[in-house]
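Taking it in order: structure first as structure tokens, then the write-up.
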């Protein structure tokens with residue numbers, strides 16, 4: 001029985017290892033494809049569509065440039081164009097924060113520059129508080145003991 005399991009394990013391992021070799025794609029040229037009525041030939045340029053944001057809105061670029069100027073990372077005027085000077089200033093700002101500099105711009109950098117999401121129109125914007133949570137010492141002892149017991153911790 002042991003040798004049967006060993007052989008089965010070996011065969012399955014070999015099959016899983018070899019399967020990527022058989023998973024190659026077959027590319028056909030337009031001449032080898034049978035044309036059917038109603039099918040349109042799509043050129044390669046038309047079939048490749050870009051997804052996601054391709055450029056930064058000029059108004060947003062101006063906001064970013066103004067924030068970089070305020071933080072002394074950009075010395076030129078805010079012109080609304082994502083040029084090499086703006087890109088270099090943003091990369092320097094992100095590098096100084098210890099963040100990535102390849103993708104532009106980093107969401108953490110935008111938030112730190114004061115350009116994060118605007119929650120002023122949120123439902124609870126006028127009543128919400130962002131105070132620190134109360135200190136652990138303010139939790140009643142019996143409640144804290146319940147937390148410890150439910151978490152299976154021993155003090």
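The values are calculated or read from the model by the stated rules, or taken from the named source; none is laboratory data. These numbers were taken from a predicted model, which means no experiment stands behind them. Neighbour counts are summed over all protein chains in view; Cβ atoms, including those assigned to glycine, are modelled from backbone coordinates with ideal geometry.
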With surrounded by 15 or more Cβ atoms within 10 Å (Cβ to Cβ) and more than 12 Å from residue 65 (Cα to Cα) as the only criterion, which of 90, 104 stands out? 104
Any hit, segment 117-139, residues being in a loop (DSSP other than H, G, I, E, B), surrounded by fewer than 15 Cβ atoms within 10 Å (Cβ to Cβ) and at pLDDT 85 or above: no
